[in-house]
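Report on one structure; see the data block that follows.
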Amino acid sequence: MKPDADSRPVMAVLIAVASGLYPLAVWWSLGRWPTWVVTAAVAVLAALRARGSHHVAWGSIALGASVLALLGLLTDAGWPARLYPVLVSLAMLAVFSLSLFRGMPVVERLARLQEPGLPLEGVAYTRRVTQVWCLFFATNAGLSLASGTLGDRIWALYNGLVSYLLIGALFTVEWLVRQRAKARWTSPPDTPDA
């Protein structure tokens with residue numbers, strides 16, 4: 001049974017909030033619940049997100065989360081639960097980097113939703129921004145993985161707060177840079193004095 005159109009936005013928000021709270025839930029639950037309970041919950045969340053999305057990346061993330069849940073059940077160790085943010089960053093890295101070689105880069109697709117007639121300068125700019133996001137996702141995956149070796153509190157702090165602040169900072173800086181870049185590519189060229 002598919003959810004009706006009215007409940008989809010609410011479900012999407014609930015899933016996004018639950019996904020964002022995941023690191024805090026892992027940190028809080030370690031030592032209180034078996035690890036497989038947390039990894040199974042994230043696998044369910046990922047499956048719900050994949051069901052509501054038409055993008056193959058979410059299906060891959062759901063499959064990966066299921067594998068992590070199984071590993072959590074088999075090993076009763078905390079490390080499978082800590083790998084979910086790494087999995088998400090690597091999946092996003094794959095989506096963004098593959099888009100540079102096949103079809104339209106992700107950021108260009110998003111830009112064309114607001115500006116269908118994106119000029120060539122805008123196309124070049126969005127390609128560069130897609131590359132910056134690739135670098136971010138690769139770095140974030142590495143930092144997420146490294147934070148898992150530094151203890152539960154550090155892991156939860158990085159994956160539950162710092163990584164989101166870094167995403168927000170990157171969005172903000174990119175928006176500021178884009179405003180200046182758009183001004184350059186939309187303004188008329190300078191004409192020499194006669």
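In the set (1) of a type in the set (Gly, Ala, Ser); (2) surrounded by fewer than 17 Cβ atoms within 10 Å (Cβ to Cβ); (3) closer than 19 Å to residue 44 by Cβ, residue 69 fails one condition alone, (2).
Selection of first residues in region 176-187 that are farther than 10 Å from residue 119 by Cβ and of second residues that are acidic (Asp, Glu) and surrounded by 14 or more Cβ atoms within 10 Å (Cβ to Cβ), restricted to Cβ pairs under 6 Å at least 6 apart or on distinct chains, gives an empty result. Within region 26-48, the residues that satisfy the criterion of being outside any loop (DSSP other than H, G, I, E, B), open to solvent by 70 Å² or more (accessible area, probe 1.4 Å) and either at pLDDT 75 or above or more than 13 Å from residue 66 (Cβ to Cβ) (or both) are 27, 28, 33, 44. Close contacts from region 104-118, counting a first residue that is more than 16 Å from residue 133 (Cβ to Cβ) and a second that is among the β-branched types (Val, Ile, Thr) and surrounded by 15 or more Cβ atoms within 10 Å (Cβ to Cβ), with Cβ to Cβ under 9 Å and a gap of 6+ residues or different chains, come to 112/126; 118/126. Among the residues of region 72-88, not a single one is among the hydrophobic types (A, V, I, L, M, F, W, C), over 30 Å from residue 151 (Cβ atoms) and part of a helix (DSSP H, G or I).
The values are calculated or read from the model by the stated rules, or taken from the named source; none is laboratory data. Note that the structure is predicted; figures quoted are calculated from it, not measured. Quick reminder, even Gly has a Cβ in these numbers, built from the backbone with ideal geometry, and neighbours come from all protein chains shown. The protein model used for the area step is the full one, side chains on, heavy atoms only, and it has no ligands, DNA or RNA in it. Shrake-Rupley method; radii C 1.70, N 1.55, O 1.52, S 1.80 Å.
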